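Colleague: Below: one structure in C-alpha cells.
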C-alpha cells in the first residue's frame, strides 16, 4: 500500500481576512429588539379581534362589580319599604324600572333628587340593579376561587404523579380515573345537598360563617371532583417534558435540576396550565348558577346570577326582565371567558402555531 | 373482532361496574352522614315512635349491615326500599314512573340534536366561510354558552307566557314541546360544531382528492366518503350528550313541571326523602356510565384506525 506524503501546506483564502466594509456590517445590526415568547404571544393575542372584544367586555363587567356596590346608594339586602319605627311600606315591592315608592315620590315632587331604580325592585322591595351587580360579583368570585382550588390540587397531584412515577403514579392515576368516570353533576348535587345540612353547625362562629354553608360546600365539591382533569393534564405535561431532547441537552451540558425546572419546564407548561385554568372559570360559574337555580347555591339574602334567575320564574309574566337581565349577563360572561380562553390558547400554545 | 378488542371491551365493562359500585357506596355513606336523620322534619314525633320507625326501616342496625342489605337488595331484586315521604310507594315505582316521561323526552331530544346537528354541521362545512356558515357558527356559539336552565326559562317566558303558543305546564303532550327543544338545543349546537370541524378535516384528506381526481360525483364524495368519516367524533359525544340531557332534565323538568325523574330527584332533595335521593342518583348514574361505555366501545369498533391500550 502506497503511503501518501503528508501535506503540510495550508490553503488559506486570504479574501476571508479582509476587514468588513460598512455595507457588510449592516447585516449584523439588530433591526428590532429580540422578541420573547410572552411578547410574541401578546402580539398574536392583540391581533385576535374576538378575544380582545371578549376581554374588554370582561374588564367592564369586573370593574362594574368592584366599583358600583361602593357608590350605589342602595344595598343588595336593603328592603327599601322597611324602616325601623314605622310600618312596612308595600309600595316599594315589585316596582317596574324607573318607578319610585310613595315616600320617594314625595321627595321627588319636593324637587329633591331620588336615585332611580334602573331595573325596579324585587318582591321584597330590594333594588334589583344592585342585586344583579352583586350577584355577578358573587358568581365571578365563585368561578375564580373554584378554579384556583382546582388548579392547586391538580398541580399538586399531577406533579407528584409525574415526578415520582412508578407505583405512586399508578395509584394516583387510578383514583383520578375513578373520579373522572363518576357522573359529576349528580355527585355535586348529592354532596351539596348533604354538606349544606352538615356544615351549618360545624362552621358556626368561624370566619366561614359569613360565607355561608352553601358557598363552602360549593368549594369543597369543586375541590373534591373537578381537579382530576387538571391533574391529568399537568402529569401529561411533566411526563412529556421530561423526555424532551432539550432537557437531555441541558442535562448533558451540566445544568442543575433547578435551572432545568426554571428555564425549561415552567416556561413550556405554564401557558397550557393558565389556559386550562382560564377555561375552568366559566364551567365553575356554570355549575354555581346551576346549583343556585336548584336552591343549593348561595345562602339568601345573598344573590347570585343563578338564584336571581330562579327567583324570577315566580313573576315571569309581569316581570320578564328580571329573568332576562341575569340570563344575558351570565351568558355574556361564560361566552366571553370561553372566547378569551380560546384566544389565549391560539396565541400561547406553541404546538398549535405550527 | 379480535382478541385485543374483546379484552378492551371486557376491561371497560369491569371498570364501569366498579364505577357504579363506587357511586352506590359514596351515595350510601354520604346520605348516612346527614345529622338528624330522615324523621327530623316531621312534627311531633315521640321518641318511641322514632325508634319504631327506625326499626321498621332497619335503621337501628349497624351501618355496615345496613350497607350490605342495601347493596344486595339493589343487585338481586332492584329494590331501593320504600319512599319515606310518599307513603306506600316504593322508590323503584316512583323512579320507573318518572322514567317513562323522561326517557321519551330525552330520546326525542337526542334524536333531534343528532339529526339537526349533523345536517347543519355538514351544511356549514360545505359552505365554509359563506354567510350561511357564519350565521350557523354565531348561533351555535351563543347556544353552547347558555346554561340549560337559562335557555329553558327564556323559552318559557317567550313562547309560553308572552306568545302563549305552548302551555307552560309539561304534563300534557303539547307541553312537552318546549322541554324537548330546551334539552336538544345545547347538544344540537355542540354536534353542529363538532361535525363542521371534523368534516372540514376530512375534506382536506388525500382520499377525498383521490376520489375527486377519479371523477366521483360531488354527492357521492359527501355521502360515501366525507360524511361517514366525519361522524366518528360524533359517536364519542353520544355518551356525554346523554349525561348532559339527564342533568339538564333536572332543571328543565323543574321549570316546565314535567312529571319526570328529574323533578322527582329535585323534589326528593328538598323533601329530604333519603331512599328516593339514593335510588335516583344510582339509577341516573348507571344510565350515564352505561351510555359512556357504549359510546366508547362503539367508537373503537367503528374506527379501525384507533389503537387499543
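Colleague: Taking residue B:250 as meeting all but one of (1) over 18 Å from residue A:186 (Cα atoms); (2) facing chain A (nearest Cβ under 10 Å), write down the number of the exception.
Modeller: So residue B:250 meets the others, but not (1).
Colleague: Further question: For region B:185-230, how many residues meet the condition of being within 30 Å of residue B:149 (Cα to Cα) and either more than 31 Å from the chain's Cα centre (by Cα) or not in a helix (DSSP H, G or I) (or both)?
Modeller: First pass over region B:185-230, keeping only residues within 30 Å of residue B:149 (Cα to Cα): B:185-198.
Pick out the ones that are also either more than 31 Å from the chain's Cα centre (by Cα) or not in a helix (DSSP H, G or I) (or both) and you get none.
Final tally of qualifying residues: 0.
Colleague: May I pose another question? Residue check: is residue B:87 outside any helix (DSSP H, G or I) and farther than 30 Å from residue B:232 by Cα?
Modeller: Numbers: outside any helix (DSSP H, G or I): yes; farther than 30 Å from residue B:232 by Cα: yes.
When the stated conditions are applied, residue B:87 passes them.
Colleague: Residues B:266, B:302: which one is closer than 23 Å to residue B:10 by Cβ and modelled with pLDDT under 85?
Modeller: Numbers: B:266 fails: closer than 23 Å to residue B:10 by Cβ.
Answer to the check: B:302.
Colleague: Please determine, by comparing only the residues of region B:142-161 that are closer than 15 Å to residue A:326 by Cα, in a helix (DSSP H, G or I) and at the interface with chain A (Cβ under 7 Å from one of its Cβ atoms), which one is farthest from the chain's Cα centre (by Cα).
Modeller: Across region B:142-161, the extreme among qualifying residues is B:157.
Colleague: Name the residues in region A:168-183 that are within 11 Å of chain B (Cβ to nearest Cβ), part of a helix (DSSP H, G or I) and surrounded by 20 or more Cβ atoms within 10 Å (Cβ to Cβ), would you?
Modeller: Of the residues in region A:168-183, the ones within 11 Å of chain B (Cβ to nearest Cβ) are A:174-175, A:177-183.
Subsequent filtering for residues that are part of a helix (DSSP H, G or I) retains A:174-175, A:177-181.
A:181 - this is the single residue of region A:168-183 that is within 11 Å of chain B (Cβ to nearest Cβ), part of a helix (DSSP H, G or I) and surrounded by 20 or more Cβ atoms within 10 Å (Cβ to Cβ).
Colleague: Do you know which residues across region A:42-81 are under 13 Å from residue A:340 (Cα atoms) and part of a loop (DSSP other than H, G, I, E, B)? Give the steps one after another, and end with the answer.
Modeller: Filtering region A:42-81 down to residues under 13 Å from residue A:340 (Cα atoms) leaves A:42, A:44-59.
Passing the criteria: only A:48.
Colleague: I would also like to ask the following. How many of the residues making up region B:110-141 are assigned to a loop (DSSP other than H, G, I, E, B) and in contact (Cβ under 8 Å) with a residue 12 or more places away in the chain?
Modeller: Residues of region B:110-141 that are assigned to a loop (DSSP other than H, G, I, E, B), as a first pass: B:127-130.
Of the ones still in play, those that are also in contact (Cβ under 8 Å) with a residue 12 or more places away in the chain are B:128.
The total comes to 1.
Colleague: Then there is this: In region B:167-204, which residues are within 14 Å of chain A (Cβ to nearest Cβ) and under 30 Å from residue B:225 (Cα atoms)?
Modeller: B:185, B:186, B:189, B:190, B:193, B:197
Colleague: If we scan region B:294-307, do we find a residue that is out of contact with any strand residue (DSSP E or B) (no Cβ under 6 Å at 6 or more places or on another chain), in a helix (DSSP H, G or I) and at the interface with chain A (Cβ under 10 Å from one of its Cβ atoms)?
Modeller: Quick first cut of region B:294-307, residues out of contact with any strand residue (DSSP E or B) (no Cβ under 6 Å at 6 or more places or on another chain) only: B:294-307.
Add one more test, that the residue is in a helix (DSSP H, G or I), and what stays is B:294-302.
From the residues that got through so far, the ones that are at the interface with chain A (Cβ under 10 Å from one of its Cβ atoms) too are none.
Looking for residues that are out of contact with any strand residue (DSSP E or B) (no Cβ under 6 Å at 6 or more places or on another chain), in a helix (DSSP H, G or I) and at the interface with chain A (Cβ under 10 Å from one of its Cβ atoms), one finds none in region B:294-307, hence no.
Colleague: Considering only residues of region B:259-272 that are surrounded by fewer than 24 Cβ atoms within 10 Å (Cβ to Cβ) and outside any helix (DSSP H, G or I), which is nearest to the other protein chains (Cβ to nearest Cβ)?
Modeller: Checked region B:259-272; the qualifying residue nearest to the other protein chains (Cβ to nearest Cβ) is B:272.
Colleague: Out of B:127, B:164, report the one residue that is within 14 Å of chain A (Cβ to nearest Cβ) and either within 21 Å of residue B:193 (Cα to Cα) or exposed (fewer than 15 other Cβ atoms within 10 Å of the Cβ) (or both). Break it down into steps so the answer makes sense when it comes.
Modeller: Details: B:127 fails: within 14 Å of chain A (Cβ to nearest Cβ).
The match here is B:164.
Colleague: Run residue B:243 past the list (1) under 24 Å from residue A:311 (Cα atoms); (2) facing chain A (nearest Cβ under 10 Å) and report the number of the one that doesn't hold.
Modeller: Of (1) under 24 Å from residue A:311 (Cα atoms); (2) facing chain A (nearest Cβ under 10 Å), only one is false for residue B:243: (1).
Colleague: Something else now. What's the number of the only condition in (1) crowded, with 20+ Cβ neighbours inside 10 Å; (2) within 8 Å of chain B (Cβ to nearest Cβ) that residue A:317 fails to meet?
Modeller: Every listed condition holds for residue A:317 apart from (1).
Colleague: Only one residue in B:84, B:53, B:78, B:114 is at pLDDT below 80, farther than 30 Å from residue A:319 by Cβ and crowded, with 19+ Cβ neighbours inside 10 Å, so which one is that? Give the steps one after another, and end with the answer.
Modeller: On the way: B:53 fails: crowded, with 19+ Cβ neighbours inside 10 Å; B:78 fails: crowded, with 19+ Cβ neighbours inside 10 Å; B:114 fails: at pLDDT below 80.
Going through B:84, B:53, B:78, B:114 in turn, the sole match is B:84.
Colleague: Would you mind telling me which numbered condition in (1) buried (at least 18 other Cβ atoms within 10 Å of the Cβ); (2) within 14 Å of chain A (Cβ to nearest Cβ); (3) modelled with pLDDT of 85 or more residue B:31 fails?
Modeller: Of everything listed in (1) buried (at least 18 other Cβ atoms within 10 Å of the Cβ); (2) within 14 Å of chain A (Cβ to nearest Cβ); (3) modelled with pLDDT of 85 or more, residue B:31 misses just condition (3).
Each row is one residue, and each column tells you yes or no for (1) under 30 Å from residue A:75 (Cα atoms); (2) at the interface with another protein chain (Cβ under 10 Å from one of its Cβ atoms); (3) at pLDDT 85 or above.
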site: A:289; (1), (2), (3): yes, yes, no
site: A:300; (1), (2), (3): yes, no, no
site: A:313; (1), (2), (3): yes, yes, no
site: A:333; (1), (2), (3): yes, yes, yes
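The values are calculated or read from the model by the stated rules, or taken from the named source; none is laboratory data. Values in this document were obtained by computation on a predicted structure and should not be read as measured data. No Cβ is skipped: glycine too gets one built from the backbone with ideal geometry, and neighbour counts run over all protein chains shown.
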